[in-house]
Each structure stands twice: as structure tokens, then as C-alpha cells.
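Peer 1: After the C-alpha cells below, expect a handful of questions from me.
The values are calculated or read from the model by the stated rules, or taken from the named source; none is laboratory data. In this text the structure is predicted, and so the values were computed from the model without any measurement. Counting neighbours? That spans all protein chains shown, and the Cβs are built from the backbone with ideal geometry, glycine included.
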Amino acid sequence: MKAEKVILSFVAVFVGLVAAGIAFYFYQSTKVIPTDQTKPSATQVAMQPTKAPNNSDVFTIDSPGDEQVYSQKSITIKGTAVKGATITVSTDDEDQVVQPADNGDFTLTQTIPNGTSLIEFTTIFPDGTVKKIDRTVTFSTENF
Amino acid sequence: MKIKALITVTFLFASLVANAYAAAPSPTQTENSQINQLKNKIASQVAQLKLVEKRGIVGTIQNVAISNNQITLLDVHGQVRYVDVDDITKYEDANGGSLNETDMKKNMEVSVFGIYNKDSQRILARFVSVEVVPTRFYGEITSIDKTNYDVTVMTDDQKSEKVEIDTSSTVVSYSGGATLNTYGFSKLSLGDRVDVIGYPDKKDSSSTIADRLIDYLNAPKDPNITFATPTPIITAAPTGKGAKSISPVK
């Protein structure tokens, strides 16, 4: 009796699986696959090679941050540029020029005007192209 | 029988857990309330400390809404900034003279110094000052007028800028290292790469009066500036052949 029940159960499961398989086959066959393959699929996008970073135009200013407020007139400027670049630092009333070290880092001290003003950083890369970065800085000792 | 055993074991575990909680002294409701209040106060203070900071921005006025105590600026990065003003906001002109909110007009260049709220991204102005922001551009010299002391500079976006060099202008050169050397207008050459910092000429709107001009003597040519350096025209020096001879008057 017990063996019969077990066999019947297995048969029922098998029949169920076959029925589900047939149903799944029909469901898949009703799907329409678009013929337009111009749009890249997610897989294709993922397989595209990533471009190697272009290091010839590296120019960043780490300090000062934009819109930063200082309570002293003399500030430290730190940044990174490609070796061989020429960096000009211009405030409202003076200019300084610096060239980065072998590792690309550069540091200089700059006196900033009273109140809020702009510092413009211009770099000439070895290939002759130019890149500019602006920073707004404020010198103030006001408490509020 | 089995069900009874299961119920007994469940009750046993439940009683153990209950005992474990009961072992810890529970604070009273008043103490809990006080702790929560203190927590909220600390959280509020910390949030306030992190949420606001002093900041200064420079921009061009787009709109002044006096009724709303609000000024809208377009900052140097091209972003719209909202500035709130109140009764204690101070206004100054470019020379430090006192102004008021009604003096603020569209297209004025101003700097704003105040309290910036990181959450709302608005700045509550404590000082608003009218600024004369210098014009800065970079390019190559395409023509030199030695009679009128001006040069034309082509920028990397192919714009031609006329630059006047007057007695107040400082001309310097850079040829390496960290020093700028005094230079002269007469030494400027066609094709030189220059950086100009100046102010618009009030008499000629198409011209800029240079405050400073840096001539980068050894800089490589900018590939984005398409300017053919003209070759100098060599003219033959006049000879005496065929000319009338001049004899000294006795």
C-alpha cells in the first residue's frame, strides 16, 4: 500500500513536471524577438572596452576649495598637473607661475585680496592646449 | 503527550528569556523622556554645525525680489544661486561706499559673503559688494599696432580681442622657473602666447585695457588657435642709382 502511494506520488510529480515543461515551451514560443538589433544590449555595453585615461590633460586644484573662507591673507595652493605643464595663478592684483614636480604635484603660497575674489588657475600643457579652473575665495575675520 | 512536552519546553524557554530581560534595570518613563530630549538636542546642534558654514560667492545679478528679500545670481560656474537678504545685510559699492538693497540691479557683478545652508543650498547674505571683475583671456598675438600701442589676441575659441597697452599696464615675460621678468611692449612678437588680465575700455567697448600681460616665451603653440604667423615682407633698401645727386650748398 505504502509502495503504491510512493510510486503514485513520483508519477504525479513527473506528470506535473512534463506539463509545466510543455506550458513553458509554448509560452517561450509566443515571445516575439525584435529584429532591430541596432541598440546595444546590456551585455554588449558591458563588453565594450573602457578607454584608457588620458593623463596628458591632468590638472586639479586640491586647495583652496571653491567658496572657501580664510581668516588669514596668506593661503597655500596645492594641486596636480602633468609634468612639463606651466601653471599660472592669477588673483585680482597679482600673478604667479609654477611648474609641477616630477610626480605632478605643485604647491605655492598666495596672498589673497580682502573680501571675496576669484583666483584663476591656467595651465599650458606640453602639447600646447590650455585648461582653466576658477576658485572663489574670501578673506574675512568677521564673526556672525 | 508529545504536545504537552512541546508546550512545556516552549514555556520553559519563554520564561528564561523573560528572566534575562528582567535582570537589566529598566529606566523609568521620565528618565527615558529626558534621555530622548538630550539626544535630540545634541543631534540638532551637530546637524546645525554641519549644515551651515560661511561662504563667499561671486556672480552676476539675474533678479532682485525686494518683496521676498531675495537676490538671484548666476555664479562664475554658470549656476543659479539664491541669496536671502535681511535687515542686517550690508551693501557696498566697488569703492567701499554704502548702498542699500534697492541699488542692486540686474547684470551687476557682486560678491556675496554670508551663511550658506547646505540643505537648502541658499546663502543668507551678511555682505553684498559690487565688484569690478577683471576680464581674463588667453591666446596668441595676431597683430601689433605700434602706433596706438595695442595688440590683437586670438583666443582658443577663435575670438579676436583688441588689447590696449597703456602706461599703467604691466608687461611681463615667462621663460621658465618660477619668476616673471619685466618685459616691454616693443618686445612683443606676432604668434606670442599671452595671458591678458584687464578691464573693458569705457571709450571703446570692443577693446580691453590691459592691467597685466604675461608673454609665455617658450610655450608650445596652441593647436586650437588657427593663426598663420605672417612671414615678414623684405623690401629692398633704396639705392642711389637713378636718383639726383645732392651737392652741398657752398
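Peer 1: Looking at the range B:106-147, which of the residues that are hydrophobic (A, V, I, L, M, F, W, C) and under 30 Å from B:Ser160 (Cα atoms) is surrounded by the fewest Cβ atoms within 10 Å (Cβ to Cβ)?
Peer 2: Initially, the range B:106-147 is screened for residues hydrophobic (A, V, I, L, M, F, W, C), giving B:108, B:110, B:112-113, B:115, B:123-125, B:127-128, B:130, B:132-133, B:137, B:141, B:144.
Checking which are under 30 Å from B:Ser160 (Cα atoms) leaves us with B:108, B:110, B:130, B:132-133, B:137, B:141, B:144.
Numbers: B:Met108: 18, B:Val110: 25, B:Val130: 19, B:Val132: 11, B:Val133: 16, B:Phe137: 19, B:Ile141: 22, B:Ile144: 17.
Within the range B:106-147, the match that is surrounded by the fewest Cβ atoms within 10 Å (Cβ to Cβ) is B:Val132.
Peer 1: Moving on. Output the residues belonging to the range B:189-211 that are assigned to a strand (DSSP E or B), within 14 Å of chain A (Cβ to nearest Cβ) and closer than 16 Å to B:Glu140 by Cβ.
Peer 2: Step one: filter the range B:189-211 for residues assigned to a strand (DSSP E or B), giving B:193-200, B:207-211.
Still in the list and also within 14 Å of chain A (Cβ to nearest Cβ): B:193-199, B:210-211.
B:Arg193, B:Val194, B:Asp195, B:Val196, B:Ala210 - these are the residues of the range B:189-211 that are assigned to a strand (DSSP E or B), within 14 Å of chain A (Cβ to nearest Cβ) and closer than 16 Å to B:Glu140 by Cβ.
Peer 1: So which of B:Val85, B:Val80 is within 22 Å of A:Thr141 (Cα to Cα) and touching a residue at least 12 places away in the same chain (Cβ under 8 Å)? Can you show your working first?
Peer 2: On the way: B:Val80 fails: within 22 Å of A:Thr141 (Cα to Cα).
Unique residue meeting the criteria: B:Val85.
Peer 1: Separate question: Restricting to the range A:119-138, and then to whatever is buried (at least 20 other Cβ atoms within 10 Å of the Cβ) and among the aliphatic types (A, V, I, L, M), can you tell me which residue is farthest from B:Ala210 (Cα to Cα)?
Peer 2: It comes out as A:Val137.
Peer 1: Just one of (1) outside any strand (DSSP E or B); (2) more than 9 Å from chain A (Cβ to nearest Cβ); (3) farther than 26 Å from B:Asp93 by Cβ trips up B:Ala178, so point out which.
Peer 2: (2)
Peer 1: Every residue in the range A:67-92 that is more than 8 Å from chain B (Cβ to nearest Cβ) and not in a strand (DSSP E or B), please.
Peer 2: Passing the criteria: A:Ser71, A:Gln72, A:Lys73, A:Val82, A:Lys83, A:Gly84, A:Ala85, A:Thr91.
Peer 1: Going through B:Ala237, B:Ala243, B:Ala219 one at a time, which residue ends up being modelled with pLDDT of 90 or more and either on the phi > 0 side of the Ramachandran plot or not hydroxyl-bearing (Ser, Thr, Tyr) (or both)?
Peer 2: Numbers: B:Ala237 fails: modelled with pLDDT of 90 or more; B:Ala243 fails: modelled with pLDDT of 90 or more.
When all the criteria are applied, what remains is B:Ala219.
Peer 1: Quick one: is B:Thr102 assigned by TED's automatic domain parsing to the domain that holds B:Val58, touching a Lys or Arg at 6+ places or on another chain (Cβ under 7 Å) and among the polar types (S, T, N, Q)? Let's see the steps before the verdict.
Peer 2: On the way: assigned by TED's automatic domain parsing to the domain that holds B:Val58: yes; touching a Lys or Arg at 6+ places or on another chain (Cβ under 7 Å): no; among the polar types (S, T, N, Q): yes.
It is false that B:Thr102 is assigned by TED's automatic domain parsing to the domain that holds B:Val58, touching a Lys or Arg at 6+ places or on another chain (Cβ under 7 Å) and among the polar types (S, T, N, Q).
Peer 1: Which one of B:Thr167, B:Thr135, B:Thr102 is under 16 Å from B:Ile197 (Cβ atoms) and among the β-branched types (Val, Ile, Thr)?
Peer 2: Working: B:Thr167 fails: under 16 Å from B:Ile197 (Cβ atoms); B:Thr102 fails: under 16 Å from B:Ile197 (Cβ atoms).
B:Thr135 is the lone residue from the list that is under 16 Å from B:Ile197 (Cβ atoms) and among the β-branched types (Val, Ile, Thr).
Peer 1: Could you tell me whether any residue of the range A:109-120 is part of a loop (DSSP other than H, G, I, E, B), more than 8 Å from every other protein chain (Cβ to nearest Cβ), without any contact (Cβ under 8 Å) to a residue 12 or more places away in the chain and out of contact with any helix residue (DSSP H, G or I) (no Cβ under 9 Å at 6 or more places or on another chain)? Break it down into steps so the answer makes sense when it comes.
Peer 2: Of all residues in the range A:109-120, those part of a loop (DSSP other than H, G, I, E, B) come to A:112-114.
Checking the rest, the ones that are also more than 8 Å from every other protein chain (Cβ to nearest Cβ) come to A:112-114.
After this cut, where a residue has to be without any contact (Cβ under 8 Å) to a residue 12 or more places away in the chain as well, the list is none.
No, because not a single residue in the range A:109-120 is part of a loop (DSSP other than H, G, I, E, B), more than 8 Å from every other protein chain (Cβ to nearest Cβ), without any contact (Cβ under 8 Å) to a residue 12 or more places away in the chain and out of contact with any helix residue (DSSP H, G or I) (no Cβ under 9 Å at 6 or more places or on another chain).
Peer 1: So, in the range B:166-175, exactly how many residues are within 26 Å of the chain's Cα centre (by Cα) and either surrounded by fewer than 16 Cβ atoms within 10 Å (Cβ to Cβ) or within 11 Å of chain A (Cβ to nearest Cβ) (or both)?
Peer 2: 5
Peer 1: Hey, which of the strands (runs of 3 or more DSSP E) in the range B:91-165, taking only ones fully inside, have at least 1 residues that are facing chain A (nearest Cβ under 10 Å) and farther than 17 Å from B:Leu188 by Cα?
Peer 2: Working: elements: B:109-117, B:122-130, B:135-145, B:150-155, B:160-164.
In the range B:91-165, the matching strands (runs of 3 or more DSSP E) lie at B:109-117, B:122-130, B:135-145.
Peer 1: While we're on this one: Considering the range B:212-224 alone, what residues qualify as being loosely packed, with under 15 Cβ neighbours inside 10 Å and within 7 Å of chain A (Cβ to nearest Cβ)?
Peer 2: B:Lys221, B:Pro223, B:Asn224
Peer 1: Moving on to the next point. Hey, could you check the range A:125-143 for residues that are more than 26 Å from B:Gln79 (Cα to Cα) and free of Cβ contacts under 8 Å to residues at least 40 places away in the same chain and say which is nearest to the other protein chains (Cβ to nearest Cβ)?
Peer 2: Among those that are more than 26 Å from B:Gln79 (Cα to Cα) and free of Cβ contacts under 8 Å to residues at least 40 places away in the same chain, it is A:Gly128.
Peer 1: Has the range B:68-90 got any residue that is more than 14 Å from chain A (Cβ to nearest Cβ) and under 30 Å from B:Phe185 (Cα atoms)?
Peer 2: no
Peer 1: Please specify each residue of the range B:69-81 satisfying the condition of being assigned to a strand (DSSP E or B) and surrounded by 14 or more Cβ atoms within 10 Å (Cβ to Cβ).
Peer 2: At the first step, the residues of the range B:69-81 found to be assigned to a strand (DSSP E or B) are B:70-75, B:80-81.
Those that are assigned to a strand (DSSP E or B) and surrounded by 14 or more Cβ atoms within 10 Å (Cβ to Cβ): B:Gln70, B:Ile71, B:Thr72, B:Leu73, B:Leu74, B:Asp75, B:Arg81.
Peer 1: Also, quick follow-up: Pairs, please: C-beta under 8 Å, at least 6 apart or cross-chain, first residue free of Cβ contacts under 8 Å to residues at least 40 places away in the same chain and at the interface with chain B (Cβ under 8 Å from one of its Cβ atoms) and in the range A:94-108, second among the charged types (D, E, K, R) and surrounded by 19 or more Cβ atoms within 10 Å (Cβ to Cβ)?
Peer 2: A:Asp95/B:Asp195; A:Asp95/B:Arg212
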